[in-house]
1. Please list 201-207, 39-45 highest first by mean number of surrounding beta-carbon atoms within 10 Å per residue.
2. What ranking do 230, 72, 84 get, fewest neighbouring Cβ atoms within 10 angstrom at the top?
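Each reported figure results from applying straightforward, stated rules to the coordinates on display, with no laboratory input. Please read all numbers here as calculations on a predicted model, not as lab measurements. Ideal geometry is used to build each Cβ from the backbone, glycine not excepted, and the neighbour counts take in all protein chains shown.
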């Protein structure tokens, strides 16, 4: 699928915010630096007045103004009118389920969301550097190292496939396996948005790399592919 260019950012009224729209903000410099992105947090509109988000401490629904109050920059990514309507009842039901089960913010899931992509970037950099050294020095050993660095991504993919198979119902006789590879409990901002969108019929999950937890910038990139309209709020 071809990736479309983001639509021009423009300021304007937000009175037409609707369920399924995504709120993206810039606030945490650590997350922005770790993900090479200007976005550090996302939330999802539950209706025309409220945004659902999870922050350290609790899952909550707040007004748009409260959601973006302490951000440096904020954008709304408007769900395309041509897209299949979001199931608002399912959105509400899933939010209520997460609330009733006392879903907490997961620092571990948040940190893990950036671990695999960060290591991948390091490995790709290593591959490029050693490939250049192989070319300049004419030593085949560097090419071997470059190839080794490139094996990271496929090995992670195969390991995840193996873990998923070990955690299937066929291996219930080994419950320790299921506990080892089960998703960590809790949610963080982007995993919450993807979960709520997915349970209510959205398409964000299908657009996000399956090899790691979704990060805020992954959500924004998925919105770009799906041709959400980006508007600047502040």
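1. On the way: 201-207: 18.3, 39-45: 26.0.
Top of the packing list down: 39-45, 201-207.
2. Lowest to highest Cβ neighbour count: 84, 72, 230.
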